[in-house]
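Have a look at the structure below, then the notes.
The values are calculated or read from the model by the stated rules, or taken from the named source; none is laboratory data. Predicted model only: the values in this text are computed from it and were never measured. Cβ placement follows ideal geometry from the backbone for every residue including glycine, while neighbour counts extend to all protein chains displayed.
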Amino acid sequence: MWRRIVPVLGAVLMCAGLVAGPVAAQSGFTVDVWTNKGGAGTGASGGSFGVNDELIVYIRASHDCMASITIGTAGEQPGTRYDAQLRGGETVAMAPTDAAVDLVGTWQVTVDACTMTDCISDSMVFTVGASGQAVLPTASTTLTADAATALDALKALKMAQGALAVDLTYDVDGNGSVTADDAQLILKWAVQ
């Protein structure tokens, strides 16, 4: 689960999709996504983390823009997506709040951003390993609109797809099962 350390600035927009792939900007417009262990620069690796390591993902755009941010298991369809307005020159930071053992694997974060005239994207892959490391406790047992994160939405989606064991904490619509509707509602809470 991801909590915003520095809130995503500006209005949140839910649009169909901004950019299908990397597009070269014409006026010096850049976007970068990286972690506290690497990944600065276009397409650079975000590093490797143990389950006890601090993990922070940073996003920065050179100009005010709309950005579509996707987080998911590398090599698969993105699991979580949210759209935000980024202010040029300001850095947004996000960190997981759930047990890092739930993050074990290889992850990709992609940022597709557009100004009124240019579109550009950057992605970064990082890994979280578990061999011989202690399991961190979960951050909370209750999921609320005030505490929801994009990673909560990803976990709910993975549960709906059968890729994770179902935890009815993520049944936020109260219908007795975790579905894509729950993931969508959690994502809506996370980006408010």
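Please go through region 39-61 and give me each residue that is touching a residue at least 60 places away in the same chain (Cβ under 8 Å) and of a type in the set (G, A, S), ordered by number.
Correct list: G39, G43, A44, S45, G46, G47, S48, G50.
Look through region 31-50, keep the residues that are modelled with pLDDT under 90 and crowded, with 20+ Cβ neighbours inside 10 Å, and return whichever of them is nearest to the chain's Cα centre (by Cα).
Among them, the one singled out is G46.
In region 71-94, which residue that is touching a Pro at 6+ places or on another chain (Cβ under 9 Å) and surrounded by 20 or more Cβ atoms within 10 Å (Cβ to Cβ) is modelled with the lowest pLDDT? Spell out the reasoning first.
As a first pass, look at region 71-94 and keep what is touching a Pro at 6+ places or on another chain (Cβ under 9 Å): 71-72, 92.
Next, from what is left, pick out any that are surrounded by 20 or more Cβ atoms within 10 Å (Cβ to Cβ): 71, 92.
Details: I71: 86, V92: 90.
Selected residue: I71.
Identify all residues within region 150-184 that are surrounded by fewer than 23 Cβ atoms within 10 Å (Cβ to Cβ), under 18 Å from T70 (Cβ atoms) and at pLDDT 80 or above; write none if there are none.
Within region 150-184, K158, A160, Q161, A180, Q184 qualify.
Considering only residues that are among the charged types (D, E, K, R) and more than 15 Å from the chain's Cα centre (by Cα), look in region 71-92 and name the one that is farthest from A180 (Cα to Cα).
First, pick out the residues of region 71-92 that are among the charged types (D, E, K, R): 76, 81, 83, 87, 90.
Next cut, more than 15 Å from the chain's Cα centre (by Cα) only: 87, 90.
On the way: R87: 31, E90: 33 Å.
Within region 71-92, the match that is farthest from A180 (Cα to Cα) is E90.
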